[in-house]
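Student: Take this structure, written in structure tokens, and hold onto it; I'll ask about it next.
The values are calculated or read from the model by the stated rules, or taken from the named source; none is laboratory data. Just so you know, these numbers come straight off a predicted model, no measurement behind them. In this analysis, Cβ positions are derived from the backbone assuming ideal geometry, glycine residues included, and neighbour counts consider all displayed protein chains.
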Amino acid sequence: MTDLVLDRVSKSFVSRGGMLPVLEGLCAQVERGEVVAVLGPSGCGKSTLLKILAGLISPDSGSVRWRGAAIRGPSAARCLVFQEYSLFPWYSVRRNIGFGLEVAKVARGKVQALVGEWIERVGLSGFDDFYPAQLSGGMRQRVALARTLAVTPELLLLDEPFAALDAVNRAVLQDLLQGLLAESGRKTAVLVTHDAAEAIYLADRVLLLSSRPSAVVLELTVPAPRPRRREQLYAPALLQHVRELEEAVRNLDRLQVAGRIE
Ligand SMILES: Nc1ncnc2c1ncn2[C@@H]1O[C@H](COP(=O)(O)OP(=O)(O)OP(=O)(O)O)[C@@H](O)[C@H]1O
Ligand SMILES: [Mg+2]
């Protein structure tokens, strides 16, 4: 079953010099339960694409459908974890995680129970009453993940969730996300990243976007079921895909038409 269908999606922004075309004729599909990673050069429109999928902005032309219906606005079913940490600085860990549940008018007792559960699942036990400024970057991103997953979205949109972290913390959080995606049944997710290894480790399929105005120039299917173990990244099958993807990123200018590596 297909969850997302993007058909010839184009989007421009007004800029000082006129119109800035960002996405041009972008076509893609995401199946139910699939994790799709999106890579592309800085400024090519990856965050714009996620905002369109979240229903925060609309395309100028083309159609974006979620489970058969056109996306016309935001919905609790499609949640975005932003590129920058987007916690409320004046709320504690507990209140930040509970925020979405409160907005969804979940009963108070249930919010408390769910928040407690999520604090534990993301490894923040004991930090319940800390404020974002008192947390490390990795901890803040754990809160952001918990806050989003606590409302049980059907589509998880992740915008470079670990880009600001050091390599060790990034690996820990990648493993945490991998586990959470596996635990929560087959959740559909779109993950924007600059990191080829992260894409191959976490996704079923990878889409590489060209520079602006962007369209899909390469699609790559990862030949291993999820959840994966980190060691698999160093085995020839996946390592080869990481290398091919990194090479494609380096040679982006030469990739004009959608190619395919199996
Ligand atoms: N609201 C806006 N108004 C005007 N221009 C915008 C707006 N949002 C994005 N842009 C422009 O659209 C282009 C794509 O932006 P976007 O944030 O989607 O890129 P990105 O691929 O996510 O980049 P990065 O990898 O650096 O996060 C950029 O040139 C940006 O300046
Ligand atoms: Mg971005």
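Student: Are any residues in the range 15-39 more than 6 Å from ligand 1 (Cβ to nearest atom) and touching a helix residue (DSSP H, G or I) at 6+ places or on another chain (Cβ under 8 Å), and if so, which ones?
Tutor: Leu23, Leu26, Val35, Ala37, Val38, Leu39
Student: So, Ser42, is that one more than 16 Å from ligand 2 (Cβ to nearest atom) and small (Gly, Ala, Ser) or not?
Tutor: When the stated conditions are applied, Ser42 does not pass them.
Student: Answer yes or no as to whether Arg205 is modelled with pLDDT under 90 and not polar (S, T, N, Q).
Tutor: For Arg205, the condition - modelled with pLDDT under 90 and not polar (S, T, N, Q) - is not met.
Student: Considering only the range 145-161, state which residues are among the hydrophobic types (A, V, I, L, M, F, W, C) and either within 16 Å of ligand 1 (Cβ to nearest atom) or outside any helix (DSSP H, G or I) (or both).
Tutor: Answer for the range 145-161, where residues must be among the hydrophobic types (A, V, I, L, M, F, W, C) and either within 16 Å of ligand 1 (Cβ to nearest atom) or outside any helix (DSSP H, G or I) (or both): Val151, Leu155, Leu156, Leu157, Leu158.
Student: Output the residues belonging to the range 162-199 that are in a strand (DSSP E or B) and away from ligand 2 (no atom under 16 Å from the Cβ).
Tutor: Thr188, Ala189
Student: Further question: Working only within the range 150-162, note down all residues that are without any contact (Cβ under 8 Å) to a residue 60 or more places away in the chain and not small (Gly, Ala, Ser).
Tutor: Across the range 150-162, the qualifying residues are Thr152, Phe162.
Student: Let me ask something else. Go through Leu202, Leu220, Leu209 for me and flag whichever is of a type in the set (A, V, I, L, M, F, W, C) and either farther than 22 Å from Arg8 by Cα or surrounded by fewer than 19 Cβ atoms within 10 Å (Cβ to Cβ) (or both).
Tutor: From the options Leu202, Leu220, Leu209, the qualifying one is Leu202.
Student: Residues to consider are Ser214, Ser184; find the one that is among the hydroxyl-bearing types (Ser, Thr, Tyr) and in contact with a Pro (Cβ under 9 Å, 6 or more places away or on another chain).
Tutor: Ser214 is the lone residue from the list that is among the hydroxyl-bearing types (Ser, Thr, Tyr) and in contact with a Pro (Cβ under 9 Å, 6 or more places away or on another chain).
Rundown of residues vs (1) closer than 21 Å to Cys79 by Cα; (2) crowded, with 21+ Cβ neighbours inside 10 Å; (3) not β-branched (Val, Ile, Thr), yes/no style:
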residue	(1), (2), (3)
Gln134	no, no, yes
Gly137	yes, no, yes
Ala146	yes, yes, yes
Thr152	yes, no, no
Pro161	yes, yes, yes
Val168	no, no, no
His194	yes, no, yes
Val216	no, no, no
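Student: Moving on to the next point. Limited to the range 40-63, what total is found for residues that are away from ligand 1 (no atom under 15 Å from the Cβ) and touching a residue at least 60 places away in the same chain (Cβ under 8 Å)?
Tutor: Residues in the range 40-63 being away from ligand 1 (no atom under 15 Å from the Cβ) and touching a residue at least 60 places away in the same chain (Cβ under 8 Å): 0 in total.
Student: Go through the range 206-235 and give me each residue that's more than 15 Å from ligand 1 (Cβ to nearest atom) and small (Gly, Ala, Ser).
Tutor: Listed by number, the residues that qualify are Ala224, Ala235.
Student: Going by what's in this entry, would Arg95 be described as away from ligand 1 (no atom under 13 Å from the Cβ) and touching a helix residue (DSSP H, G or I) at 6+ places or on another chain (Cβ under 9 Å)?
Tutor: So Arg95 fits the description; yes.
Student: A further question follows. With respect to Tyr234, is the statement that it is within 24 Å of Arg32 (Cβ to Cβ), without any contact (Cβ under 8 Å) to a residue 40 or more places away in the chain, in the same structural domain as Leu39 (by TED's automatic domain parsing) and among the aromatic types (Phe, Trp, Tyr) true?
Tutor: In short, no.
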